[in-house]
1. Go through (1) assigned to a helix (DSSP H, G or I); (2) modelled with pLDDT of 90 or more for residue 202 and report which single condition fails.
2. Would you pick out the residues in region 63-89 that are polar (S, T, N, Q) and touching a Ser or Thr at 6+ places or on another chain (Cβ under 8 Å)?
3. Find all pairs meeting these conditions: Cβ atoms under 7 angstrom apart; at least six residues apart or on different chains; first residue within region 407-426 and outside the structural domain of residue 343 (by TED's automatic domain parsing) and within 18 Å of residue 362 (Cβ to Cβ); second residue basic (Lys, Arg) and not in a helix (DSSP H, G or I).
4. Looking at region 232-243, is at least one residue in a loop (DSSP other than H, G, I, E, B) and hydrophobic (A, V, I, L, M, F, W, C)?
5. Residues in region 113-142 that are surrounded by 13 or more Cβ atoms within 10 Å (Cβ to Cβ) and closer than 13 Å to residue 84 by Cβ: how many?
6. For the condition closer than 26 Å to residue 56 by Cβ, surrounded by fewer than 20 Cβ atoms within 10 Å (Cβ to Cβ) and in contact (Cβ under 8 Å) with a residue 12 or more places away in the chain, what is the one hit in 107, 88?
7. Within region 210-221, take every residue that is more than 10 Å from the ligand (Cβ to nearest atom) and either without any contact (Cβ under 8 Å) to a residue 40 or more places away in the chain or on the phi > 0 side of the Ramachandran plot (or both) and give me the one that is surrounded by the most Cβ atoms within 10 Å (Cβ to Cβ).
8. Between a residue in region 294-311 that is over 24 Å from residue 379 (Cα atoms) and any residue that is hydrophobic (A, V, I, L, M, F, W, C) and surrounded by 14 or more Cβ atoms within 10 Å (Cβ to Cβ), which pairs come within a Cβ distance under 8 Å, given they are 6 or more apart or on different chains?
Amino acid sequence: MEIMSFDIRHLMYNSRNDGSNNRRFFNFLIYFSVIFLFSCFLSSFSWAKATEKQLAIVDSLQVQSDAQSTTLRFIVSADVAVEAAVLDQPLRIILEWPDVSFQLSPDSLPKGVGVVKSLRAGMVSHERSRVVIELSEPALPLKIRSEPVYSGAAREIIVELFPTGRAQFEEAASKRREQAARRDQGAPESAAGDLVDQRPLIVIDPGHGGPDLGATGVTGIFEKDIVLSFAKELTRKLKNIGEFRVAMTRERDVFVPLDDRVKFARARGASLFLSIHADTLSGNSEVRGLTVYTGSDRASDPESARLAESENRSDIAAGLDEAQSVEAVTDILGDLMMRETRAHSNLFARTLVGQMTNAAKLNKNPIRSAGFRVLRAPDIPSALLELGYISSPSDIELLTSVGWTDRATDRLVGAIMDFFEARRNLGGAVSIEP
Ligand code: ZN
């Protein structure tokens, strides 16, 4: 380490050497040989230490000055990004490094060279390192560049400091203070953001379950089983994309009261609620095809009203004493929120039908609305999807086939992605239909 400091000090005063060119060249040869021999010797330690943590090593620093500028040259074992910042009181330049290992003896660090009064280097956190340059007069780093040296991955990081007026220096320092303040204000949020998963949550609600069988198909199959296996496949595909969090109101054959399904979604701050059903309708096997329902106080048609009424009896079917009361949305703000949420629900229904048009047999009126209790969350866009009507033997055949399930879940995933994309583009605003 003695020799290292020798090397650095001599090189650092090199530019002030008044000797002849020949003498400079001779000095250079000696210094170069010394540096080379000792860097071989030191590197056996340095590189061994570095490979433990895979850190880049800074093992040489030269400082030179002339009339125009003071130049710092760091030799680093790998290319790293270095940023400079300006601080006043006292006058300082801070060089921000990634996590590097400074293997510079404190004795070897320059003092009183050009604008550099003194210099310290070290790690400031487990991910950042820093070089603090105390200045003897105001100076700004106008250039930081990285150049290859010798061979291999080593780089020379070159920082040039130019003397400047005090006013200019103070302006640069105050800009840096403002930036730091803005970063500090933003810091708690971004720190929390790292911990909390910010992806939108989609709640998939397989209808019925347990003692509530839902509809029973003409083949004896139960709605609760068809919709659970469909919901599981949809959940699996949605999770695979990685853009969303996905939760199911039930993952097995268990009854969940209607209001608890809504509460489940609201408690978790869901961004979309999708209930999956496959009912029978009016005992009429002519009515078939996929239908999307949105919540509404007034049903779009008598069949939808009947369907909602039968769905809303789910709790009674499961043996609850009486249907639980739905949280009433009575105030004006709540009403406005509900109207906006329903506009989003309608956007989703239209997107879904658009995606499904060529992939599935649609009902002749594929978008309908009625007073479904599971579609009453005032703040979560919600839809109820009737995959088909198991009063129709051909719908049962479709709904239980692997090919159809695969196509339909693909299109649903597409519709959900389109919906969130559209909401992002609209900035959350959707025209509210009366
Ligand atoms: Zn149902």
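1. (1) is the only condition that residue 202 fails.
2. Going residue by residue through region 63-89, those that are polar (S, T, N, Q) are 64-65, 68-71, 77, 89.
Of everything in region 63-89, those that are polar (S, T, N, Q) and touching a Ser or Thr at 6+ places or on another chain (Cβ under 8 Å) turn out to be 64, 65, 71, 77.
3. So the pair list comes out empty.
4. The first filter runs over region 232-243 and keeps only residues in a loop (DSSP other than H, G, I, E, B), leaving 242-243.
Applying the additional criterion that residues be hydrophobic (A, V, I, L, M, F, W, C) yields none.
Checked against the condition, which is being in a loop (DSSP other than H, G, I, E, B) and hydrophobic (A, V, I, L, M, F, W, C), region 232-243 yields no hits at all.
5. Number of matching residues: 8.
6. Details: 88 fails: closer than 26 Å to residue 56 by Cβ.
Going through 107, 88 in turn, the sole match is 107.
7. Taking region 210-221 and keeping what is more than 10 Å from the ligand (Cβ to nearest atom), we get 210-211, 216-221.
Add one more test, that the residue is either without any contact (Cβ under 8 Å) to a residue 40 or more places away in the chain or on the phi > 0 side of the Ramachandran plot (or both), and what stays is 210, 220.
Details: 210: 15, 220: 7.
In this case the residue turns out to be 210.
8. As it stands, the answer is 303/281; 303/287; 306/281, since those pairs meet every condition given.
The values are calculated or read from the model by the stated rules, or taken from the named source; none is laboratory data. Note that the structure is predicted; figures quoted are calculated from it, not measured. We place every Cβ from the backbone using ideal geometry, glycine too, and count neighbours over all the protein chains shown.
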